[in-house]
1. Do we find a residue being farther than 27 Å from A:Ala284 by Cβ and either of a type outside the set (Lys, Arg) or part of a loop (DSSP other than H, G, I, E, B) (or both) anywhere in segment A:373-386?
2. Look through segment B:318-348, keep the residues that are under 28 Å from A:Glu104 (Cβ atoms) and in contact with a strand residue (DSSP E or B) (Cβ under 6 Å, 6 or more places away or on another chain), and return whichever of them is surrounded by the most Cβ atoms within 10 Å (Cβ to Cβ).
3. Search segment B:252-268 for residues being in contact (Cβ under 8 Å) with a residue 40 or more places away in the chain and assigned to a helix (DSSP H, G or I), and hand back the single one that is surrounded by the fewest Cβ atoms within 10 Å (Cβ to Cβ).
4. Is it true that A:Ile195 is within 22 Å of the chain's Cα centre (by Cα) and farther than 29 Å from A:Leu401 by Cα?
5. Are there strands (runs of 3 or more DSSP E) fully within segment B:321-407 with at least 2 residues that are touching an Asp or Glu at 6+ places or on another chain (Cβ under 9 Å) and away from chain A (no Cβ under 13 Å)? List them.
6. Look through segment A:1-36, keep the residues that are within 12 Å of chain B (Cβ to nearest Cβ) and not small (Gly, Ala, Ser), and return whichever of them is surrounded by the fewest Cβ atoms within 10 Å (Cβ to Cβ).
7. Mind listing whichever residues of segment A:394-407 are in a loop (DSSP other than H, G, I, E, B) and more than 19 Å from A:Gly422 (Cβ to Cβ)?
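The values are calculated or read from the model by the stated rules, or taken from the named source; none is laboratory data. Computed from a predicted structure; not experimentally measured. Note that each Cβ is placed from the backbone with ideal geometry, even for glycine, and that neighbours are counted across all protein chains shown.
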Amino acid sequence: MIQSNRLTKEQYTVNFSDIHPPFETADAALVEANRCLFCYDAPCTKSCPTGIDVPKFIKQIATENIKGSAHTIFSSNIMGAGCSKVCPVEKLCEGSCVFNLMEEEPIPIAKLQRYSTEKAMEKNWQLFRRNEPTGKKVAVVGAGPAGLSCAHVLSRAGVDVTIYEKEAKGGGLMTYGIAAYKVTPQFCEDEVNYILGIGGIEVRYNQELGKDISLTQLKKDYDAVYLAMGVGIARKLDIPGEKLEGVVDAIQFIYDIRSNGFSSVPVGDKVAVIGMGMTAIDAATQAKRLGASEVTLVYRRTEAEKPCTDVELDIAKLDGCEIIWLAAPLKVKGSNGKVKQLVCSKMKLGEPDASGRRSPVDTGETFAMEVDMVIKAAGQVPYEKLVKKYKLDNKNGKLVLKDKATTNIKGVFAGGDAVNGGKEVVDAVQAGKDGAKAILEFLKLC
Amino acid sequence: MASLESNFLGIKSPNPFWLASAPPTDKKVNVLRAFEAGWGGVVWKTLGSQVKNVSSRYSSVNFGSKRMMGLNNIELISDRPLDLNLKEIKECIKLFPDRAMVVSLMADNDRKSWHELIKKVEDTGAHGLELNFGCPHGMTERGMGAAVGQDPEIACMVVEWVMEAATIPVITKLTPNVHSVVPTGRSVVKAGTNGLSLINTIQSVTGIDLDTFVPNPYVAGKSVFGGYCGPAVKPIALKMLTTIAQDEVTNKVPISGIGGVSTWKDAVEFMLLGASNVQVCTAAMNHGFRIVEDMIEGLNNWMDEKGFNTLNDFIGKSVEKITHWEDLDINYHHIAKINQDKCIHCGLCYIACEDASHQSINLEYGKPYNTYTVKEQECVGCNLCKLVCPVNDCITMEEHRVAPEYLNWIEFQQRGLPLNDH
């Protein structure tokens with residue numbers, strides 16, 4: 001049965017406490033900072049989509065120049081604080097740390113990054129100054145990582161930025177789409193405020209493109225427009241029973257956990273989560289942490305093809321989630337309009353597909369799982385109708401760019417999930433930087 | 001199993017590890033604990049005229065995560081009553097008759113004071129005397145300590161006074177706060193000292209508090225130069241030791257090596273460069289007397305592996321290996337080689353060579369890992385890459401002689417061979 005309020009307040013607190021706690025003391029941070037070899041042309045930096053100068057910021061912790069350390073991080077990644085909590089570092093910076101090649105523990109880069117950036121946020125060190133006003137105005141659609149990153153670079157360059165955000169809070173999927181044990185809603189709000197602390201950026205909330213505002217108007221009112229509206233709708237399974245009560249969208253489920261408080265989010269007793277990406281893991285682990293007795297992740301390929309990292313999968317396993325590989329949902333069976341069963345096809349691996357991964361092939365065999373809730377986390381789809389309405393070049397709704405940031409419409413730039421279909425926060429931050437650079441060039445400001 | 005027994009001027013100890021004259025040897029309770037831990041001997045903290053100490057007294061230099069790479073102090077000689085020290089020395093000798101008991105002395109600067117002090121100390125049954133001509137702070141202002149050691153003539157005079165009265169072996173401890181330790185060393189040997197010990201501490205400022213602007217150690221808003229010791233001074237001590245071990249006057253007497261000895265390896269190095277035994281202080285102040293356990297075991301195992309039965313089998317073995325620059329073989333050449341299987345691609349060799357040496361390492365870009373190889377034609381064999389490499393034996397230096405025969409600089413010039421070819 002799906003119900004809310006399954007646990008006590010204390011249980012929720014424990015279940016949703018920070019999964020990657022910070023250094024307890026400055027000395028602890030120093031020990032790790034001093035371990036760093038200070039590599040040249042460092043693999044960690046090259047593995048960071050925003051190219052943070054990792055050896056430099058760690059060295060700065062070692063020399064007790066924390067302000068400098070935070071500046072180094074934020075210069076490359078204005079969401080460096082949030083990224084230190086949500087980045088899948090095991091496949092990025094920490095994954096390439098040279099200590100791995102010595103069979104040694106890598107430097108805890110994320111934890112060190114958190115150390116510096118958290119201090120900067122706590123003390124509200126505003127480490128960047130705006131250039132003289134240029135008189136230029138840019139509209140940014142979406143206050144997620146790409147939009148904020150773009151806006152911050154533009155503001156530094158003396159451009160006045162207005163961000164239009166469809167939600168009531170900034171931060172995008174950082175605020176609405178990530179497990180609460182990684183980042184708290186309060187942290188996300190603090191981070192957005194810290195970024196906006198530079199000034200020159202106005203955020204207008206509850207303003208949705210295509211509804212409250214139009215691209216035509218933005219183009220008219222501003223010198224340039226940056227589209228960073230991300231992706232929206234969860235991918236449909238297109239199977240019978242998808243409309244039954246108890247079939248929910250992972251992003252919506254996570255959104256509710258983050259917006260409404262743990263006790264008010266209904267969760268089933270036996271939950272199936274469809275998908276094996278980061279969002280699927282976040283949904284499955286949080287369903288478990290909300291008090292579901294059985295949570296099963298269902299994925300149509302094998303572990304070798306999974307999109308999430310080993311570390312993420314381990315979190316799900318440690319939370320007691322079951323995993324069924326090579327299973328594709330066939331139909332959801334219900335009774336009285338409510339979910340009763342998830343029927344899956346057993347799959348096997350066939351030839352590699354366009355992604356290079358071996359694609360699943362139906363064996364013809366099926367099996368059924370007794371569940372009362374099905375969470376869909378099979379990816380999100382872009383705002384196809386919207387971009388087609390504005391005649392933006394796209395591929396199945398994903399914006400197609402001429403270079404790193406320029407759309408087919410003059411003065412309109414784009415980046416982030418709206419372009420790539422959904423990647424990490426850190427990728428969106430880099431896209432925002434690329435967007436700002438292209439806009440500054442377009443405005444002849446650099 | 002090798003024997004670690006040491007005989008320094010007839011002063012016997014079960015091993016060559018003595019505790020240097022310093023806070024760890026200033027009273028019975030410490031010294032007994034040291035003997036129980038296994039130390040071969042002690043040099044009792046300097047006795048002399050009455051002094052008054054200040055607070056604080058020590059400060060240190062950290063390096064990365066390592067604390068106390070160097071330590072400095074502004075403590076004076078023993079501030080305990082002389083009679084109490086003498087009584088306790090006697091008691092310690094009685095309780096541990098097999099250990100060396102040497103007493104450090106710094107009398108007022110007149111013959112009578114020295115003679116009186118020596119008499120009193122000899123009455124305890126101590127095995128030897130060490131003359132403190134090195135203390136660089138507090139006592140120098142009164143014409144004692146380093147003020148004596150820095151002037152070969154004064155040092156000579158004091159040693160002559162001492163030798164008139166002493167009936168047990170006399171070791172003169174040299175100060176490093178001089179251009180060369182040899183002049184004073186020669187002077188005191190000529191005056192009759194039976195042995196030498198070195199180095200005492202080096203005058204230093206370890207650091208400054210960046211909030212108060214007061215250097216360390218802090219004493220009511222001020223500081224003074226303190227005597228520096230610990231691992232940081234070892235290379236300087238080894239150099240000074242070598243000059244004494246190579247000098248034809250000073251190398252006629254046994255030398256007790258001091259200066260940053262922390263491990264059995266350090267001790268071996270001092271002994272290879274001519275020290276008959278070693279004295280330890282900072283390492284004990286950092287970790288306690290227990291460090292001697294590994295020093296004994298480590299030295300023993302090393303001697304067994306090398307086939308040395310007694311300390312004399314290897315004492316001084318490296319003295320002749322340190323030569324004059326112009327005697328070095330110019331035809332010797334070696335080139336760095338990077339083991340690609342061991343390389344972790346940190347790039348430290350590359351950037352060190354590129355920015356600070358001979359631009360002899362090639363960078364082949366890779367994401368995320370670059371490949372680094374040595375440009376053999378450019379490499380001068382300086383060792384810098386090998387020194388910065390964090391992986392043991394990843395970078396090795398391979399011999400590529402220029403020519404088979406030995407060729408030194410003098411002959412090189414005589415033959416008119418080309419310069420600036422690298």
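1. Looking only at segment A:373-386, we keep the residues that are farther than 27 Å from A:Ala284 by Cβ, and these are A:384-386.
Now drop any that are not either of a type outside the set (Lys, Arg) or part of a loop (DSSP other than H, G, I, E, B) (or both), which leaves A:384, A:386.
Yes, that holds for at least one residue.
2. So in segment B:318-348, the residues under 28 Å from A:Glu104 (Cβ atoms) come out as B:336-348.
Then keep just the ones that are in contact with a strand residue (DSSP E or B) (Cβ under 6 Å, 6 or more places away or on another chain); that gives B:336-338.
On the way: B:Ala336: 25, B:Lys337: 17, B:Ile338: 22.
Filtering segment B:318-348 for residues that are under 28 Å from A:Glu104 (Cβ atoms) and in contact with a strand residue (DSSP E or B) (Cβ under 6 Å, 6 or more places away or on another chain), the one surrounded by the most Cβ atoms within 10 Å (Cβ to Cβ) comes out as B:Ala336.
3. Step one: filter segment B:252-268 for residues in contact (Cβ under 8 Å) with a residue 40 or more places away in the chain, giving B:252-259, B:267-268.
Subset that is assigned to a helix (DSSP H, G or I): B:252, B:267-268.
Working: B:Lys252: 8, B:Ala267: 25, B:Val268: 26.
By that ranking, first place goes to B:Lys252.
4. Details: within 22 Å of the chain's Cα centre (by Cα): yes; farther than 29 Å from A:Leu401 by Cα: no.
Criteria not met by A:Ile195.
5. Details: elements: B:334-338, B:361-364, B:371-374, B:395-399.
Output list reads B:334-338.
6. First pass over segment A:1-36, keeping only residues within 12 Å of chain B (Cβ to nearest Cβ): A:27-36.
Keeping just the survivors that are not small (Gly, Ala, Ser) gives A:27, A:30-32, A:34-36.
Numbers: A:Asp27: 9, A:Leu30: 18, A:Val31: 13, A:Glu32: 20, A:Asn34: 16, A:Arg35: 18, A:Cys36: 24.
Ranking the qualifying residues of segment A:1-36, first place goes to A:Asp27.
7. Pass one, segment A:394-407, residues in a loop (DSSP other than H, G, I, E, B): A:396-397, A:400-405, A:407.
Once the filter is applied, which keeps residues that are in a loop (DSSP other than H, G, I, E, B) and more than 19 Å from A:Gly422 (Cβ to Cβ), segment A:394-407 yields A:Lys402, A:Asp403.
Conditions (1) under 30 Å from A:Ala287 (Cα atoms); (2) in the same structural domain as A:Ala405 (by TED's automatic domain parsing); (3) touching a residue at least 60 places away in the same chain (Cβ under 8 Å), marked per residue:
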{"residue": "A:Gly144", "(1), (2), (3)": "yes, yes, yes"}
{"residue": "A:Ser149", "(1), (2), (3)": "no, yes, yes"}
{"residue": "A:Val153", "(1), (2), (3)": "no, yes, yes"}
{"residue": "A:Asp160", "(1), (2), (3)": "no, yes, no"}
{"residue": "A:Lys166", "(1), (2), (3)": "yes, yes, yes"}
{"residue": "A:Gly170", "(1), (2), (3)": "yes, yes, no"}
{"residue": "A:Leu173", "(1), (2), (3)": "yes, yes, yes"}
{"residue": "A:Ile195", "(1), (2), (3)": "no, yes, yes"}
{"residue": "A:Glu202", "(1), (2), (3)": "no, yes, no"}
